Amino acid sequence: MLIVIFGENCSGKSTLAEMMKQSIGAKVMSGKDYLRLARSESEAQSLFRKMLLEAVEGENLIFVCSEPEQLALLPQGACRIYVKADLDTIKERFRARLHGVLPPPVEAMLERKHGAFENEAHDFVFDGVHGNAEEFCNKLFKE
(Lines give C-alpha, C1' and ligand atoms only; values in the text may rest on other atoms or scores of the structure.)
Protein backbone atom coordinates (compact mmCIF):
# COMPACT_ATOMS: atom_id res chain seq x y z
CA MET A 1 0.00 0.00 0.00
CA LEU A 2 1.25 3.47 -0.86
CA ILE A 3 0.16 6.15 1.60
CA VAL A 4 0.95 9.77 0.86
CA ILE A 5 0.69 12.21 3.73
CA PHE A 6 0.81 15.79 2.55
CA GLY A 7 0.34 19.24 3.99
CA GLU A 8 2.17 22.32 5.13
CA ASN A 9 5.28 22.43 7.30
CA CYS A 10 4.51 21.73 10.97
CA SER A 11 0.95 20.60 10.27
CA GLY A 12 1.36 17.17 11.90
CA LYS A 13 2.43 15.00 8.96
CA SER A 14 5.43 13.39 10.65
CA THR A 15 3.46 12.58 13.80
CA LEU A 16 0.80 10.84 11.71
CA ALA A 17 3.43 9.05 9.60
CA GLU A 18 5.18 7.72 12.70
CA MET A 19 1.90 6.36 14.08
CA MET A 20 1.10 4.74 10.72
CA LYS A 21 4.59 3.26 10.53
CA GLN A 22 4.02 1.61 13.90
CA SER A 23 0.53 0.43 12.92
CA ILE A 24 1.40 -1.23 9.61
CA GLY A 25 5.17 -1.60 9.62
CA ALA A 26 5.71 0.71 6.68
CA LYS A 27 8.87 2.29 5.35
CA VAL A 28 8.72 6.11 5.52
CA MET A 29 10.28 8.51 3.03
CA SER A 30 10.05 12.27 3.36
CA GLY A 31 10.44 15.17 0.99
CA LYS A 32 13.36 14.62 -1.31
CA ASP A 33 14.77 11.52 0.42
CA TYR A 34 14.45 9.88 -2.97
CA LEU A 35 17.42 11.88 -4.23
CA ARG A 36 19.63 9.38 -2.38
CA LEU A 37 18.52 6.65 -4.80
CA ALA A 38 20.85 7.79 -7.60
CA ARG A 39 23.53 10.35 -8.48
CA SER A 40 21.38 12.43 -10.82
CA GLU A 41 18.07 13.96 -9.86
CA SER A 42 16.34 12.68 -12.99
CA GLU A 43 17.52 9.11 -12.41
CA ALA A 44 16.57 9.29 -8.71
CA GLN A 45 13.14 10.62 -9.62
CA SER A 46 12.63 7.83 -12.16
CA LEU A 47 13.62 5.17 -9.60
CA PHE A 48 11.36 6.77 -7.00
CA ARG A 49 8.37 6.82 -9.35
CA LYS A 50 8.93 3.10 -9.94
CA MET A 51 9.17 2.49 -6.19
CA LEU A 52 5.92 4.40 -5.61
CA LEU A 53 4.12 2.47 -8.34
CA GLU A 54 5.31 -0.86 -6.95
CA ALA A 55 4.16 0.16 -3.46
CA VAL A 56 0.56 0.69 -4.63
CA GLU A 57 0.13 -3.09 -4.84
CA GLY A 58 3.06 -4.22 -2.71
CA GLU A 59 5.09 -3.36 0.37
CA ASN A 60 3.73 -0.61 2.62
CA LEU A 61 5.38 2.74 1.92
CA ILE A 62 4.54 6.12 3.40
CA PHE A 63 5.65 9.23 1.54
CA VAL A 64 5.53 12.45 3.58
CA CYS A 65 5.26 15.44 1.28
CA SER A 66 5.36 19.16 2.09
CA GLU A 67 5.81 20.57 -1.42
CA PRO A 68 2.81 20.61 -3.79
CA GLU A 69 4.97 19.87 -6.85
CA GLN A 70 5.98 16.52 -5.30
CA LEU A 71 2.39 15.34 -5.67
CA ALA A 72 3.04 15.06 -9.41
CA LEU A 73 5.24 12.03 -8.65
CA LEU A 74 2.29 10.01 -7.37
CA PRO A 75 0.82 7.10 -9.31
CA GLN A 76 -2.84 6.20 -9.46
CA GLY A 77 -3.91 4.09 -6.52
CA ALA A 78 -2.05 5.97 -3.79
CA CYS A 79 -3.99 6.64 -0.61
CA ARG A 80 -3.77 10.43 -0.21
CA ILE A 81 -4.10 11.96 3.25
CA TYR A 82 -4.22 15.73 3.61
CA VAL A 83 -3.03 16.98 7.01
CA LYS A 84 -4.29 20.43 7.82
CA ALA A 85 -3.55 22.96 10.53
CA ASP A 86 -4.37 26.60 11.08
CA LEU A 87 -1.70 29.22 10.40
CA ASP A 88 -1.28 30.23 14.05
CA THR A 89 -0.53 26.64 15.07
CA ILE A 90 1.91 26.20 12.19
CA LYS A 91 3.74 29.38 13.24
CA GLU A 92 3.81 28.28 16.87
CA ARG A 93 5.24 24.85 15.98
CA PHE A 94 7.79 26.34 13.59
CA ARG A 95 8.83 28.85 16.26
CA ALA A 96 9.40 25.95 18.67
CA ARG A 97 11.58 24.22 16.06
CA LEU A 98 13.65 27.38 15.86
CA HIS A 99 14.12 27.55 19.65
CA GLY A 100 11.50 30.23 20.24
CA VAL A 101 12.37 32.62 17.41
CA LEU A 102 10.40 32.97 14.17
CA PRO A 103 12.34 35.29 11.85
CA PRO A 104 10.14 37.63 9.77
CA PRO A 105 11.24 36.06 6.43
CA VAL A 106 10.26 32.60 7.71
CA GLU A 107 6.94 33.90 9.01
CA ALA A 108 6.27 35.53 5.61
CA MET A 109 7.10 32.26 3.83
CA LEU A 110 4.67 30.33 6.07
CA GLU A 111 1.95 32.90 5.38
CA ARG A 112 2.61 32.76 1.64
CA LYS A 113 2.45 28.94 1.56
CA HIS A 114 -0.58 28.60 3.85
CA GLY A 115 -3.46 26.90 2.06
CA ALA A 116 -1.29 25.55 -0.77
CA PHE A 117 -2.77 22.05 -0.41
CA GLU A 118 -6.43 22.93 0.16
CA ASN A 119 -7.52 22.13 -3.39
CA GLU A 120 -5.43 18.98 -3.85
CA ALA A 121 -7.27 15.69 -4.32
CA HIS A 122 -7.30 13.55 -1.21
CA ASP A 123 -8.94 10.44 0.19
CA PHE A 124 -8.84 11.49 3.84
CA VAL A 125 -8.28 14.64 5.89
CA PHE A 126 -6.49 14.58 9.22
CA ASP A 127 -6.75 17.53 11.58
CA GLY A 128 -3.15 18.02 12.64
CA VAL A 129 -4.20 20.25 15.54
CA HIS A 130 -7.15 18.47 17.15
CA GLY A 131 -6.96 15.03 15.56
CA ASN A 132 -5.79 11.91 17.35
CA ALA A 133 -3.26 10.06 15.18
CA GLU A 134 -3.76 6.74 16.94
CA GLU A 135 -7.55 6.86 16.53
CA PHE A 136 -7.19 7.93 12.90
CA CYS A 137 -4.88 4.98 12.17
CA ASN A 138 -7.15 2.52 13.96
CA LYS A 139 -10.13 3.71 11.93
CA LEU A 140 -8.21 3.82 8.64
CA PHE A 141 -6.71 0.37 8.91
CA LYS A 142 -9.93 -1.29 10.08
CA GLU A 143 -11.60 -0.32 6.78
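Any idea how many residues of the range 104-119 are in contact (Cβ under 8 Å) with a residue 24 or more places away in the chain and surrounded by 14 or more Cβ atoms within 10 Å (Cβ to Cβ)?
So the answer is 5.
Condition check: surrounded by fewer than 17 Cβ atoms within 10 Å (Cβ to Cβ), touching a His at 6+ places or on another chain (Cβ under 6 Å) and more than 30 Å from residue 142 (Cβ to Cβ). Does residue 87 satisfy that?
When the stated conditions are applied, residue 87 passes them.
With respect to residue 95, is the statement that it is surrounded by 14 or more Cβ atoms within 10 Å (Cβ to Cβ), at pLDDT 95 or above, under 18 Å from residue 1 (Cα atoms) and basic (Lys, Arg) true? Walk me through it before giving the result.
Values: surrounded by 14 or more Cβ atoms within 10 Å (Cβ to Cβ): yes; at pLDDT 95 or above: yes; under 18 Å from residue 1 (Cα atoms): no; basic (Lys, Arg): yes.
Considered against the rule, which asks whether it is surrounded by 14 or more Cβ atoms within 10 Å (Cβ to Cβ), at pLDDT 95 or above, under 18 Å from residue 1 (Cα atoms) and basic (Lys, Arg), residue 95 comes out as no.
The values are calculated or read from the model by the stated rules, or taken from the named source; none is laboratory data. The shown structure was predicted, so the numbers you read here are calculated from the model rather than taken from an experiment. Using ideal geometry, Cβ is built from the backbone for each residue, glycine included, and neighbour counts are taken over all protein chains shown.
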